[in-house]
1. Under the condition of being free of Cβ contacts under 8 Å to residues at least 24 places away in the same chain and open to solvent by less than 70 Å² (accessible area, probe 1.4 Å), which residue from the stretch 155-181 is farthest from V72 (Cα to Cα)?
2. Could you check, for the stretch 235-250, whether at least one of its residues is more than 30 Å from Y185 (Cβ to Cβ) and open to solvent by 10 Å² or more (accessible area, probe 1.4 Å)?
3. Among the residues of the stretch 182-200 satisfying the criterion of being closer than 16 Å to T239 by Cβ and not in a strand (DSSP E or B), which is least open to solvent (accessible area, probe 1.4 Å)?
4. I'm trying to understand the selection: among the residues of the stretch 373-401, which are more than 10 Å from Y332 (Cβ to Cβ), part of a loop (DSSP other than H, G, I, E, B) and not basic (K, R)?
5. Those residues that are farther than 30 Å from R158 by Cβ and either of a type in the set (F, W, Y) or over 23 Å from the mean Cα position of the chain (by Cα) (or both), I need them from the stretch 209-258; list them, please.
6. Any residue that is more than 21 Å from T277 (Cα to Cα), part of a helix (DSSP H, G or I) and at pLDDT below 85 - is there at least one of those in the stretch 355-367?
7. Name the single residue, out of those in the stretch 311-330 being under 17 Å from V250 (Cα atoms) and outside any strand (DSSP E or B), that is most open to solvent (accessible area, probe 1.4 Å).
Amino acid sequence: MNKLKKIFICLVFSVFLMSGNTKDAFAVSASANKTNVTVGGKVTVTVNGKGAVGRINYTASGALNGSGSIWVENNNVSFTVTASSVGSGKISITSTGLSTTSDTPEDISFSRTINVTVTDKSTSGGSTGGNSSSGNDSSSGSNSSNGTTTPSQSEDKRSKENHLSALTVSQGTLDPKFESSKTKYNVDLPGTSKEVTISAKAKDAKAKISGIGKKSLKVGENLFKVICTAENGSQKTYTVVFHVDEAPLVYTKLGEKNLGVVRVLDDVKAPKNFKETTIKLDGQDIIGYKNDQLNMAVAYLVDESGNKDFYIIENEKVVSQFIKITISSREYYVVNSSKVLNEVSQLKQSKIKIGDIELDGWLFNDEEKTNYNIVYLMNSDGKANLYSYESTEGTLQLYTPIVTNDDSLNTMTYVFMGTTGVFAMTSIVGFVMYFRFKKKSISAIKDYYERKNQG
C-alpha cells in the first residue's frame, strides 16, 4: 500500500513539474555570480532571456551601487554592480515591455531581487604584513585584472542594436502608433488601393534594413515583414498587415435585386468546364468565368443580405442566377432557356418547380402527360440539354424535341395534300375499271350460256 502511495505521489509531482515547465516556457530568470563580496568588489548578474524580447531595468541599493537597463532578445545578457560599503545590499530587477518572441507576442511580467553581503577587505583573509600584504594585494589586483580583461578580449565588439527608430507607410495609419519595441502593426486601406510604400530607419547607422519599398496590394489581407539586422548579425522583425477593404466596387441589378461583384475569389471554385477570365458587366471589366462550349459567362456576385452565388451574364447584363439543382444524386445547373424556344414551340411555356426551386419550363398539351415537364439544364460535365422531368417520381431523362416550323409545316401539308389527291384519283380509276371489267365479264358469261342452250 505504501508503495502505491509513493508511486502516486511521484506521478502527481511529475505532472506538477510538467505543468510548471509549460507555463514558464517563456519565463525570464536572473542569477548572480556571487552573493558575498568585499568592499570595492563587483557582482555580475546574468539574465537569461530565452524566448523573450524587451528591456530589463536593474537597481542596486544598500551596500551596492549601480543602476541601468539592458535589452534582452532571446539571449543571455549581463550587467555588473559595485560593492560600495560594508553591510547588506540588494539588486532589484524588473521588466519593461517584455514579451514573447512568438508570432503572436504575449506580455511577460518579470521581477527578481538578489541579496548580497558586503564585508571589509581586512576580514577576507590573507597576510597583514606590509610586503606580504602588498604582494597579496598586487596578486589579487593582477587576478582581478585578468578576470575582467579576459572576457572583454573575447567579447564581440560589434553593435547588437537591431531596433528601428522609425517605420512609416505611404498611405493609411499604423495601429498601434510606432514604437521601436512594438513589432506588429495593422493598416486599414480603402478598396481602391493597389500599392503602398513602406519606409524605415534603423537606430544604429551600422544596421541594415530589408523588406522596405513599394509593395503591390490585393483585396483582403496583405502581410509584409521589415527586418532590421544589427552589425553583429542579430535581427528584429517588424510585421505590417495591410487590410484592403473587400466591399464591391462594381454594382448591378437583377430586377429589383441589388448585386455587387465579389472581389476576393481565392476560395471560390468555378463551375466545371468554366475558366477564369475577364468579362464585362455594365461596361466595366470584372473577373468572371466562361464556358466556350456553351458560349456562357458567369460572375460571382453578392446580394444585399450577404449571400454569394454565380449569376449568368449576357450582353454585359445579369440575366439570371446560375442555380444548382440535385436530381437523383446528380448535379445540374439552371441556364437561360430562351436559346431553345424554337425546339419546344409546340409546348406550353410555364413555371416548373423542382424541389424548392422554381424555373422556366414547358408543359405538354396532352392531358395524359400532366406529370411530365420539359426543362433546360446543364449537367455537371458542362453540357446543356432539354430534359423531361417526371414530377411524381422526381426522375429526369433526356428529351428529344420534334422540330416543326412554318416552312416545314407547309411542305408537309403540300406533300400530304398531293399524295392524298393521287391516291383518290388512283382509287377512282381503279373502281371504274373494276366495274367495267365486271360488266363485260357478266355479259360474256350470259352469251356463253345462251349459245350452249340453243345448241
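The values are calculated or read from the model by the stated rules, or taken from the named source; none is laboratory data. All figures in this text were calculated on a predicted structure; none of them were measured in a lab. Cβ: placed from backbone, ideal geometry, glycine included. Neighbour counts: every protein chain shown. Accessible surface is based on the protein model in full, side chains and every heavy atom, while ligands, DNA and RNA are left aside. Shrake-Rupley method; radii C 1.70, N 1.55, O 1.52, S 1.80 Å.
1. So the residue we want is P176.
2. Within the stretch 235-250, one or more residues are more than 30 Å from Y185 (Cβ to Cβ) and open to solvent by 10 Å² or more (accessible area, probe 1.4 Å).
3. In this case the residue turns out to be T183.
4. Matches in the stretch 373-401: D381, G382, S391, T392, E393, G394, Y399, T400, P401.
5. K214, F242, Y251, T252, K253, L254, G255, E256, K257, N258
6. The answer is yes, given that some residue of the stretch 355-367 is more than 21 Å from T277 (Cα to Cα), part of a helix (DSSP H, G or I) and at pLDDT below 85.
7. Once the filter is applied, the top-ranked residue is N315.
To keep it simple, each residue is scored yes or no on (1) open to solvent by 60 Å² or more (accessible area, probe 1.4 Å); (2) modelled with pLDDT of 75 or more.
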| residue | (1), (2) |
| --- | --- |
| V375 | no, yes |
| D381 | yes, yes |
| N385 | no, yes |
| Q397 | yes, yes |
| T400 | yes, yes |
| V415 | yes, no |
| D447 | yes, no |
